[in-house]
Amino acid sequence: MKWLNKLTKTPKIVPKTKSKLSTVSSYLSEERIIFFPAGPSKRQVIGSLITALDLKDPSAAIKAVLAREEMGSTIISPGLALPHARLDGLSRIEAAIGICPTGVTDPHDGGTAIRVYVLFLGPADNMKEHLAFLSNVSSLFQKKGFIEKLSKLASPPGVLHAIQQVEKSN
C-alpha cells in the first residue's frame, strides 16, 4: 500500500525564486563611473573606462574592445552603448560607466549620440556570466527616461544610487 500512497500523494509545489544573478551595481564603484565633458571621441571614452578598471594589461583590453567595436557597436537603446569583449585572465566581469551629457557621435554608429557607455569585460571562458551581465544591463535600461536621468546627474555616488534604485524596483 505504500506504493499506492506514493502514487496518489500530491507533489509539493516549491515556489520559484528569482535567481541570484549579480546586479549591475555589484560590479561598479564610484571610481568606475566617469563623466566626460563635451567632445570626447569613442576611443577616448573606451580608453578612460578601461583605465578605471585597473587591469593587469589594459592595452590588451583596449585592443579587444576596439576589435569587437569594429565588428559593430552594441547599441541597445538610443543613447546607450555597451562596448565589451571577453579576455583571458579575468575571473569575473569588470565594468565601468561613462556619461557624456552632450553625447558622443561616431559615424560608424550611424550618427547616434551616445550619452551613456556601459563598458564591460568578461572572462574568455565564461560566456554565461558575460551574457547574464548583458541581460542585466538591458533590463536596467528598460526604465523609460533612465538614460536621460543618468545624463543629468553630476556625481558618481548619484549615478550608483540611481542604478541601485532601479535594480530594487525590477
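Per-structure values
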read-out	value
The listed residue being touching a residue at least 24 places away in the same chain (Cβ under 8 Å) and either surrounded by fewer than 16 Cβ atoms within 10 Å (Cβ to Cβ) or of a type in the set (A, V, I, L, M, F, W, C) (or both), out of 67, 61	61
Residue 69 at pLDDT 95 or above and either of a type outside the set (A, V, I, L, M) or over 18 Å from residue 90 (Cβ atoms) (or both)	no
Pairs with Cβ under 7 Å, 6+ apart, first in region 131-148 and under 17 Å from residue 95 (Cβ atoms), second of a type outside the set (A, V, I, L, M, F, W, C) and open to solvent by 40 Å² or more (accessible area, probe 1.4 Å)	136/23; 139/170; 147/115
Region 23-54, residues that are assigned to a loop (DSSP other than H, G, I, E, B), under 25 Å from residue 136 (Cα atoms) and open to solvent by 30 Å² or more (accessible area, probe 1.4 Å)	23, 29, 54
Counted residues, region 78-93 - those being part of a strand (DSSP E or B) and open to solvent by 30 Å² or more (accessible area, probe 1.4 Å)	1
When residues of region 1-55 are limited to those that are within 17 Å of residue 84 (Cα to Cα) and of a type in the set (D, E, K, R), the one modelled with the highest pLDDT	32
Members of region 114-135 found to be assigned to a helix (DSSP H, G or I), more than 29 Å from residue 37 (Cβ to Cβ) and open to solvent by 20 Å² or more (accessible area, probe 1.4 Å), listed by number	127, 128, 129, 131, 132, 135
Residue 102, sole failed condition from (1) surrounded by 15 or more Cβ atoms within 10 Å (Cβ to Cβ); (2) assigned to a strand (DSSP E or B)	(1)
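The values are calculated or read from the model by the stated rules, or taken from the named source; none is laboratory data. The shown structure was predicted, so the numbers you read here are calculated from the model rather than taken from an experiment. All Cβ positions, glycine included, derive from the backbone under ideal geometry; neighbour counts span all protein chains shown. Surface areas here come from the heavy atoms of the whole protein model, side chains and all, with no ligands, DNA or RNA. Shrake-Rupley method; radii C 1.70, N 1.55, O 1.52, S 1.80 Å.
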